[in-house]
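A short worksheet on the structure shown next.
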2 protein chains.
Amino acid sequence: MIKKLGPRKPRVPFAIGYKKYVEVRMSRSGALEQRVTNCIRLLAADGVEKAKSGHPGMPLGAADIAYVLWQKHLRFNPDKPDWINRDRFILSAGHGSMLLYSLLHLYGYDLPLDELKNFRQLDSKTPGHPEYGHTPGVETTTGPLGQGFANAVGMAIAYQVLRNSLSKNGKSPINHKIYVIAGDGDMMEGISSEAASIAGHLNLSNLIVIYDDNKITIEGSTGLAFSEDVRKRFQACNWNVVKINGHNLKQIDNALKGAGNKNNKPTIIIAETKIAKGSTCLEGSCKSHGSPLGEDEIINIKKKMKFPECESFCIPDDVKAHVKIRVDKLKKEYEERNEKFEEFMDKNPEIKKRYEEYKNKKNIDINELLNIDFKKDKIATRSASGIVMQYIAKKVPGFIGGSADLGPSNNTMLKEYPSFSKTNRNGRNLHFGIREHAMGAILNGMAVYGGSVLPGGHRGGLLPFGATFLVFADYMRPAIRMASLMKLHVVYVFTHDSFFVGEDGPTHQPIEHLWSLRTIPNLDVVRPADARETAAAWAQAVNNDENPTALILTRQNIPVLDRAKYASAENLLKGAYIISGEKDRDNLQLIIIATGSEVSLALEVQQKLQGDGVSVRVVSMPSIELFERQDKNYKKTVLPADCLKKVVIEAGVAGGWYKYIGADGLVFGMEGFGTSAPANVLIDKFGFTSDKIYSQIKNRFDF
Amino acid sequence: MIKKLGPRKPRVPFAIGYKKYVEVRMSRSGALEQRVTNCIRLLAADGVEKAKSGHPGMPLGAADIAYVLWQKHLRFNPDKPDWINRDRFILSAGHGSMLLYSLLHLYGYDLPLDELKNFRQLDSKTPGHPEYGHTPGVETTTGPLGQGFANAVGMAIAYQVLRNSLSKNGKSPINHKIYVIAGDGDMMEGISSEAASIAGHLNLSNLIVIYDDNKITIEGSTGLAFSEDVRKRFQACNWNVVKINGHNLKQIDNALKGAGNKNNKPTIIIAETKIAKGSTCLEGSCKSHGSPLGEDEIINIKKKMKFPECESFCIPDDVKAHVKIRVDKLKKEYEERNEKFEEFMDKNPEIKKRYEEYKNKKNIDINELLNIDFKKDKIATRSASGIVMQYIAKKVPGFIGGSADLGPSNNTMLKEYPSFSKTNRNGRNLHFGIREHAMGAILNGMAVYGGSVLPGGHRGGLLPFGATFLVFADYMRPAIRMASLMKLHVVYVFTHDSFFVGEDGPTHQPIEHLWSLRTIPNLDVVRPADARETAAAWAQAVNNDENPTALILTRQNIPVLDRAKYASAENLLKGAYIISGEKDRDNLQLIIIATGSEVSLALEVQQKLQGDGVSVRVVSMPSIELFERQDKNYKKTVLPADCLKKVVIEAGVAGGWYKYIGADGLVFGMEGFGTSAPANVLIDKFGFTSDKIYSQIKNRFDF
């Protein structure tokens, strides 16, 4: 259990008596502390005011919490934002970004005051919501509610993995905490319930969430929509729960002292606060949430707080000095801890080697994967993927992940490794439960944990993967978007990729998902045509650390294409390639583009048409994104503009295919939802037989 | 508080003594009851076996619960699946569909035994997961986990609305319960936490969820990923919680007797069960979840249960007779209740009138909306929408909805009506909190509540709407898909529809969302160009009850186009129209297609190009889906194929636009994520000025 809170008798420095000591403390340090929190408040208010846009309420309300956390608990070195052993600070309530920027500036990060003055302006380091890889000290991009909370759970998993990996005799040089400030919105979003459940289940005890319980949302009081007993809810998920007054510095301090690594449970500190605390007229009002306070009000606040009325972005010298003491101490502590870290590493060369490996992403040799013997003529790409993943697991130590309870169907179990659990931190198989959304955000947290937060900094650490049925990618879409926005190295394994799912019916048959994923910027969607393309797709997904990759895999068995007859699957890396050229090189009459399971169908159609003397090319196009990254010449070679007759075969909506085939092109796809029936019946119903496609092409193009 | 459970002394019919009575009861009724539950089990197992596909574990495990519920509590009339006062039964664990089909058949619904034998086959009434509007007695489509649970919350809201609307002096002829069977997966999905929180907050006391707690998921024991104290979790959300043995018929009965309408709280009955209960070798095993049990095992089970070994789909006469007693009683009860209902209605003609109105969706006159005086030259379409909605609220009594805590930004408050709350069932403004996903599924539940569950049956009841920022449509995407699949009459109000959001930055700027929504079959996506198109869009959304509509609205002010100069906004109903024709009708040189805020930009570009003598047509294309429903001739008239020069201006990804402009067409859209800066700065950065577009068009087409 967590310590009981309340005033504790401090050590009294001189024999001045307790009462006198308290008086002195109140008048000096106490007043000064208040002054620092007010300075944070005013920096945030000034930032929003200057931008004429932003969210002042949250920073004013949470300034006391943030101050105590940063001044007394958070361990970091502003000169080393990438220090692996730093405590992490995640502002899940990302709309309060000016709070974070104010802290980063005050505590010495490379974020000049001018950047705070440039809040929300083009190319500033202070965008509307905190952005990962953009501003030193920002651990993850937040704003969409619940994401930061769940990212932190991912970081806490990654922490346990790293700590365990670098430990000897139960001791590890990795030892830090993960702090989150979350708001009412984070609490309401379902993703936080999913993530909290996982965190409690896995005993992620260094995770400490401070819930800025200001009881105000955009529509008014949280009482309009939210009357949960948050204490009970988190207790139900195996968390420590502490409730405090979020403006009482002593209570905040005590709660934080009692939190973390105590009894194997994560901790939530429910801090009751007033939104816009310190404002003379908007304290407690939803009007302070998303609009500047107004010039007059800011002057009023400055008067009240005894700050220079007409000065903006003012940081008084005593505030600076107060904070500097902390930063100097932290830097010293950093040096000491780093020294010990190096000592430990020098004494344990094997662990040092592991750590070096961890820091540098390891590439995989595509040829090794292409040479895998799949031992079958026909194999589902999900099964091929499962075989390939076993190879990758051996070569890439940071390769870790799991499924949202579909491991046996997604074929994502790393068979030679145990499950990660509260008792086994050595495991590499994660069991996310039926919680796709949290899975997505946890992967993001795991991906950022070991990498650099600096713009252009190194990638490294874990390579997390997560799996579910393609149709349920919808459940985790907001997290996929965040991964894409942050350009994280994350791999999604989406199986059961079309109506070929069969009997499970329209709720389980993806129709729109290929194109809906392809619309997300920075996401590579790769739908391999057979086992070999699956191997190549995995090589691409592992070796490309620039952005996330979604692998789209079949449920049903499909032929392993004879690569002596057809072009090499290595061409997958180019996104699209001529897998089977036209008979008559001087007279290309038709191009059939296909992806995934439809490539072998396209090859059948080609054969039929060539039997009639039509010169047909088949292009396997597993990834539009990879293809678009090729040079113009290559693109023209594969899809020459002067061949006007082009068709696409893909078991999904037509979406953006017309870009490649023109408005007159023909898409053999799906126009509505699927239906429940055996796949072999649906093939016929939806027209995905070579006979049907062959005759439609003949009719359309008068061959 | 809920009643304490335990054996209650029954009334003993004769003076045979309690002990003797129990003996008799056990040997007759008890054994017979067990026989009925086993019959249900075997129907389900046979169905899955014959289909060679499906989920037998859940039906076997939950058969006892389902039997007691249907035999003793659920009030329905199988001949009248649309009876408004029926209890609702929602199988949220939709993969257990054979349980539902077995019940529907046994209890006399129009679902012949042959349909059970046709489980999961093409065009059968027994698809892999239950489908709304397809099988009588199926209240909503389930399968994607958590959706059914949240639908039920929506039904419970709709119930309160209707009950209140038809009440007099606190009495109402509407009086029934809503029962859900939910599984572990439903519990884990975040949407159920969101929905449970809302249900408890709103005191939805006639909602009774039976949690089939079988502790098994696909990957194995729920202990792998799920260790919540479910009791505490629901208590935290203001629910009654009862825990029982889910195979003890008496405990199930007592729990159900004690549930509903007791103390203003919804109830969850945590029923501990064994998956595949009754199986000789797979009881308690995850292997029973998603595969047939196997012929041998089914024979073993039949032997054990004393059912004819070699007969499939066997319903013994004593089982039939036992069930018939219940059904006859229910039909009689229906007649009585219906009589009283009619009496009440006859006595209260005003209420009767309201009920008639409720049953029949009311159309709105588009002209009335088009004539609204918006009183401004420039107005954001979200603001125009807010004005239009006030008119609709007056005309359409069932128009009810709200926002995921963005009411003031989405402009969705119905100003003359109160909020719906636990104390005011008369309210028409719902406060969903920051819970987009539950909002989506609740809208679905509200939409199905008052309509017909029969194929081709009438639409009616409420017209629910839900709002959030367009970018957060991702959070509710699975529920939007379900609405589209079920073709529900639901309206989404998605505001802040592009990078014009400005300072909030890339996390809040939709880029891919227009096209990702357009990929969903059956969903109309409508992005009006100004206030008048917004009015027309609302008319379309209200009057088209065939499928859901997503309205896509601007944050920023945009011109109200002069309809004396430009074509009427009524043309929005056609999806696309020539808003401003080319100067030279005989020489159409260029077509600019635009949507939403980009239409006025297109008109500016047209003017510039026409200044240079280029004959340009501007097509406003608010809805691709509506356009595709027009006849070929109209489509050709608007977008003639012989005009090869076409461009699109839309502040999002290019997606599927090439279908309308050809591979050579030019899309002025977004290629990556947005960035944080004032909108007027971003306009320039992303090239959305008439100057930039004008000069690019000139260059490209050599005008």
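As a summary of the residue check, residue B:690 satisfies the conditions (1) at positive phi; (2) more than 34 Å from the chain's Cα centre (by Cα) except for the one numbered (1).
Hey, can you tell me all the residues within region B:406-429 that are at the interface with chain A (Cβ under 9 Å from one of its Cβ atoms) and open to solvent by less than 10 Å² (accessible area, probe 1.4 Å)? Once the filter is applied, which keeps residues that are at the interface with chain A (Cβ under 9 Å from one of its Cβ atoms) and open to solvent by less than 10 Å² (accessible area, probe 1.4 Å), region B:406-429 yields only B:407. Residue B:636 meets each of the listed conditions (1) under 23 Å from residue B:517 (Cα atoms); (2) open to solvent by 30 Å² or more (accessible area, probe 1.4 Å) apart from (1).
In region B:134-155, which residues are within 12 Å of chain A (Cβ to nearest Cβ) and surrounded by fewer than 24 Cβ atoms within 10 Å (Cβ to Cβ)? Even if it seems obvious, please write down each step before you answer.
Initially, region B:134-155 is screened for residues within 12 Å of chain A (Cβ to nearest Cβ), giving B:134-135, B:140-150.
If the condition is that a residue be within 12 Å of chain A (Cβ to nearest Cβ) and surrounded by fewer than 24 Cβ atoms within 10 Å (Cβ to Cβ), then B:134 is the only one that fits.
Among the residues of region A:450-459, those identified as surrounded by fewer than 23 Cβ atoms within 10 Å (Cβ to Cβ) and over 18 Å from residue A:524 (Cα atoms) are A:451, A:452, A:453, A:454, A:455, A:456, A:457, A:458. Please verify whether region B:115-128 includes one or more residues that are outside any loop (DSSP other than H, G, I, E, B), in contact (Cβ under 8 Å) with a residue 40 or more places away in the chain and surrounded by fewer than 22 Cβ atoms within 10 Å (Cβ to Cβ). Yes, region B:115-128 has at least one match. Got at least one residue in region A:449-465 being within 14 Å of chain B (Cβ to nearest Cβ) and outside any loop (DSSP other than H, G, I, E, B)? No - not one qualifying residue is present in region A:449-465.
Taking into account only those residues within region B:674-693 that are assigned to a loop (DSSP other than H, G, I, E, B) and open to solvent by 30 Å² or more (accessible area, probe 1.4 Å), which is nearest to the other protein chains (Cβ to nearest Cβ)? Step through it out loud before you land on a result.
If we filter region B:674-693 for residues that are assigned to a loop (DSSP other than H, G, I, E, B), which is where we start, we get B:674-678, B:686-689.
After this cut, where a residue has to be open to solvent by 30 Å² or more (accessible area, probe 1.4 Å) as well, the list is B:675, B:686, B:689.
Working: B:675: 7, B:686: 11, B:689: 15 Å.
The selected residue is B:675.
Does residue B:439 count as of a type in the set (A, V, I, L, M), more than 14 Å from every other protein chain (Cβ to nearest Cβ) and open to solvent by less than 20 Å² (accessible area, probe 1.4 Å)?
Numbers: of a type in the set (A, V, I, L, M): yes; more than 14 Å from every other protein chain (Cβ to nearest Cβ): no; open to solvent by less than 20 Å² (accessible area, probe 1.4 Å): yes.
For residue B:439, the condition - of a type in the set (A, V, I, L, M), more than 14 Å from every other protein chain (Cβ to nearest Cβ) and open to solvent by less than 20 Å² (accessible area, probe 1.4 Å) - is not met.
The residues of region A:189-219 that are crowded, with 24+ Cβ neighbours inside 10 Å, more than 8 Å from chain B (Cβ to nearest Cβ) and either among the basic types (Lys, Arg) or in a helix (DSSP H, G or I) (or both), listed by number, are A:195, A:196, A:199. Scanning region B:220-247 for residues that are touching a strand residue (DSSP E or B) at 6+ places or on another chain (Cβ under 6 Å) and facing chain A (nearest Cβ under 7 Å) yields B:224, B:225, B:235. Can you confirm whether region A:231-248 contains a residue that is part of a helix (DSSP H, G or I), over 24 Å from residue A:204 (Cα atoms), in the same structural domain as residue A:149 (by TED's automatic domain parsing) and touching a residue at least 12 places away in the same chain (Cβ under 8 Å)? No, region A:231-248 contains no residue that is part of a helix (DSSP H, G or I), over 24 Å from residue A:204 (Cα atoms), in the same structural domain as residue A:149 (by TED's automatic domain parsing) and touching a residue at least 12 places away in the same chain (Cβ under 8 Å). Residue A:536 satisfies every condition listed in (1) touching a residue at least 60 places away in the same chain (Cβ under 8 Å); (2) within 14 Å of another protein chain (Cβ to nearest Cβ); (3) of a type in the set (A, V, I, L, M) except (2). Residues being open to solvent by less than 10 Å² (accessible area, probe 1.4 Å), more than 30 Å from residue A:287 (Cα to Cα) and at pLDDT 80 or above are represented in region A:64-76 by at least one member. Listed by first and then second residue, the pairs with beta-carbon distance under 7 Å, at least 6 apart or on different chains, first residue in region A:444-461 and outside the structural domain of residue A:163 (by TED's automatic domain parsing), second open to solvent by 60 Å² or more (accessible area, probe 1.4 Å) and in a loop (DSSP other than H, G, I, E, B), are A:451/A:458; A:451/A:459; A:452/A:458; A:460/A:360.
Taken over region A:466-494, residues that are open to solvent by less than 10 Å² (accessible area, probe 1.4 Å), among the hydroxyl-bearing types (Ser, Thr, Tyr) and within 13 Å of chain B (Cβ to nearest Cβ) amount to 2. So for region B:107-119 (the condition being farther than 30 Å from residue B:421 by Cα, within 14 Å of chain A (Cβ to nearest Cβ) and among the basic types (Lys, Arg)), does at least one residue qualify? For region B:107-119, residues farther than 30 Å from residue B:421 by Cα, within 14 Å of chain A (Cβ to nearest Cβ) and among the basic types (Lys, Arg): absent.
In region B:557-580, is there at least one residue being in a strand (DSSP E or B) and within 14 Å of chain A (Cβ to nearest Cβ)? Walk me through it before giving the result.
First pass over region B:557-580, keeping only residues in a strand (DSSP E or B): B:558-559, B:577-580.
The next check asks that each one be within 14 Å of chain A (Cβ to nearest Cβ); those that pass are none.
No, region B:557-580 has no match at all.
Restricting attention to region A:368-386, which residues are open to solvent by 60 Å² or more (accessible area, probe 1.4 Å) and either of a type in the set (A, V, I, L, M, F, W, C) or outside any helix (DSSP H, G or I) (or both)?
In the first step, residues of region A:368-386 are kept if they are open to solvent by 60 Å² or more (accessible area, probe 1.4 Å); the result is A:368, A:371, A:373, A:375-378.
Residues satisfying the conditions are A:371, A:373, A:375, A:376, A:377, A:378.
With a requirement of 1 or more residues that are assigned by TED's automatic domain parsing to the domain that holds residue B:536, none of the helices (runs of 4 or more DSSP H) lying completely within region B:607-662 satisfies it.
With the condition kept exactly as written, say whether any residue in region B:419-427 is more than 22 Å from residue B:170 (Cα to Cα) and in contact (Cβ under 8 Å) with a residue 40 or more places away in the chain.
From region B:419-427, those more than 22 Å from residue B:170 (Cα to Cα) are none; that's our starting set.
Within region B:419-427, not a single residue is more than 22 Å from residue B:170 (Cα to Cα) and in contact (Cβ under 8 Å) with a residue 40 or more places away in the chain.
Tell me yes or no: at least one residue of region A:660-668 is away from every other protein chain (no Cβ under 12 Å) and charged (D, E, K, R). Among the residues of region A:660-668, not one is away from every other protein chain (no Cβ under 12 Å) and charged (D, E, K, R), which makes the answer no. Residues in region B:207-225 that are touching a His at 6+ places or on another chain (Cβ under 7 Å) and without any contact (Cβ under 8 Å) to a residue 60 or more places away in the chain: 2 in all.
The values are calculated or read from the model by the stated rules, or taken from the named source; none is laboratory data. In this text the structure is predicted, and so the values were computed from the model without any measurement. Positions of Cβ are backbone-derived with ideal geometry, glycine not excepted, and every protein chain shown enters the neighbour counts. These accessible areas exclude ligands, DNA and RNA; they are computed on the full protein's heavy atoms, side chains included. Shrake-Rupley method; radii C 1.70, N 1.55, O 1.52, S 1.80 Å.
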